Amino acid sequence: MSSKAPQGPDNVTRNLVIGMVVLVVAVGAIFSVISNRENTSAALPSSVSQDEGYGIVFNGDLTGVPVIDIWEDFQCPVCARFEQTNGDYIEKLIEEKKAKVVYHTLSFLGPESVLAANAAACASDENKFLGFHKAFYQNLPAENSGAVTTDYLVGLGQGVGITSEKFKNCVAGLNYQGWVNNVAAAGSEKNVNSTPTVFINGKEIRRATSGTDLGEYFDPSAFAKAVEGK
Amino acid sequence: MKKAQPWIGLIARLSLGGVLLYAGYLKALTPDKSMMAVRAYELLPIWLANIFGVVLPWLEIGAGVLLIIGIAIRYVAIFGSALMITFVIAISQAWARGLSIDCGCFGDGGAIDPSQTKYLETILRDIGFALLGFYLIRYPLTKFALEKRESRQEKPSHALTPGE
């Protein structure tokens, strides 16, 4: 009726494009929501407790001792600093059965965090989690640089005395990928918004407030005080 | 000015659409971080923040694509401006409450060191994008849009011709 360009085809294209975009958005969003959910049928590494946010638990049978929950990402440099500062002390607490310690390996920094967390779980099956954990942070590669590969992780494992074929297959096959995802889901539920996040008896320890104040995270004596109470 | 209008509109469309698409894409790749970013604002209950963190990137991608190809411009611009205003409010309240967080706009996010916060820059940037959205709501006819006419204007012109 008007002198304008015909509207019929234009409207069809318009609705078609809108429909396609809406479809992609809906599928993407739904897929994303589902894949970030906890998967209760995922294989769990040894010493993992579902009730402890899928963390790897040390001294789970002890009662009346402080409970330390450590949420970290293997690729996070600040977590490496925390490990450097307090790692030996925490290992000593575990050895001397003076604390229950739960490691939660998050993976939000990228695919190499997933590889590392999976490998750490494989190491846990060999009772070598702590050694692997320490060795990884001591040689922390640059974030998502491609340095963390199956070979790299298997080599790291050999360095701490894991030589079994089972470990190799576990690392290469990403056997605990579902579990890694579950740890992430548990972290979302626990409102963990940065790494490292450390809870002692369920209460987060004090963060640094300025350049000179190290908080309870990076001052070893302050951390020990927080663990031992008062 | 009249001649420049569709060209300004084109720039507004591509800028707002481009930033939405880019930000959405980066966040869709790292859903864990995106959820973390929304939680860190401490505005929504945790479960809702987590859903929002996963769904929002996809909405941004959709809106970005529609703006860039130029379809339903006015409606998408309303959505885009509303989103930007929401961000400004969320960031302002985080600033006012003394939280130290990254805005999480481009796939980062969560709690950060107080010295690394960039609240003012982020707020000004988002106000800028909201203004681009307002421009498109007011002048939705732009150069090189797939849709030549704004649907809102079609209907009245149709309805009037036969009656008159």
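A few comments on the model shown:
- Among the residues listed as A:E72, A:E52, the single one being in contact with a His (Cβ under 9 Å, 6 or more places away or on another chain) and modelled with pLDDT of 95 or more: A:E72
- Enumerated helices (runs of 4 or more DSSP H) restricted to the stretch B:65-164, each holding at least 1 residues that are at pLDDT below 90, hydrophobic (A, V, I, L, M, F, W, C) and closer than 30 Å to A:R14 by Cβ: B:151-163
- Pair list, Cβ under 6 Å, 6 or more apart: the stretch A:1-29 residue surrounded by 11 or more Cβ atoms within 10 Å (Cβ to Cβ), other residue among the charged types (D, E, K, R) and at pLDDT 90 or above: none
- With respect to the conditions (1) within 21 Å of A:E216 (Cβ to Cβ); (2) buried (at least 21 other Cβ atoms within 10 Å of the Cβ); (3) touching a helix residue (DSSP H, G or I) at 6+ places or on another chain (Cβ under 8 Å), A:G87 lacks only one, and its number is (2).
- Among (1) touching a Leu at 6+ places or on another chain (Cβ under 8 Å); (2) more than 11 Å from every other protein chain (Cβ to nearest Cβ); (3) of a type in the set (A, V, I, L, M); (4) under 30 Å from B:P31 (Cα atoms) - the single one A:I94 does not satisfy: (4)
- Matching option when the condition is closer than 27 Å to A:A186 by Cα and either surrounded by fewer than 16 Cβ atoms within 10 Å (Cβ to Cβ) or more than 12 Å from the chain's Cα centre (by Cα) (or both), among B:P45, B:P57: B:P45
- Given (1) loosely packed, with under 13 Cβ neighbours inside 10 Å; (2) within 12 Å of chain B (Cβ to nearest Cβ); (3) over 23 Å from A:G178 (Cβ atoms), index of the condition A:S35 fails: (3)
- Residue match in the stretch B:40-47 (condition: touching a residue at least 12 places away in the same chain (Cβ under 8 Å), more than 9 Å from every other protein chain (Cβ to nearest Cβ) and more than 21 Å from A:L106 (Cβ to Cβ)): yes
- Identity of the residue in the stretch B:29-38, touching a residue at least 40 places away in the same chain (Cβ under 8 Å), within 7 Å of chain A (Cβ to nearest Cβ) and out of contact with any strand residue (DSSP E or B) (no Cβ under 6 Å at 6 or more places or on another chain), that ends up surrounded by the most Cβ atoms within 10 Å (Cβ to Cβ): B:K33
- Identity of the residue in the stretch A:200-217, in contact (Cβ under 8 Å) with a residue 60 or more places away in the chain and crowded, with 18+ Cβ neighbours inside 10 Å, that ends up nearest to the other protein chains (Cβ to nearest Cβ): A:Y217
- Residues of the stretch A:26-49 that are under 15 Å from the mean Cα position of the chain (by Cα) and modelled with pLDDT of 90 or more: A:L44, A:P45, A:V48.
Condition check ((1) under 27 Å from A:V27 (Cβ atoms); (2) assigned to a helix (DSSP H, G or I)) across all residues:
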position	(1), (2)
B:W7	no, yes
B:L10	no, yes
B:G18	yes, yes
B:Y22	yes, yes
B:L26	yes, yes
B:K33	yes, yes
B:L43	no, no
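The values are calculated or read from the model by the stated rules, or taken from the named source; none is laboratory data. This is a predicted model, so every value here is computed, not measured. Cβ sites come from the backbone with ideal geometry, for glycine too, and all protein chains shown count toward neighbours.
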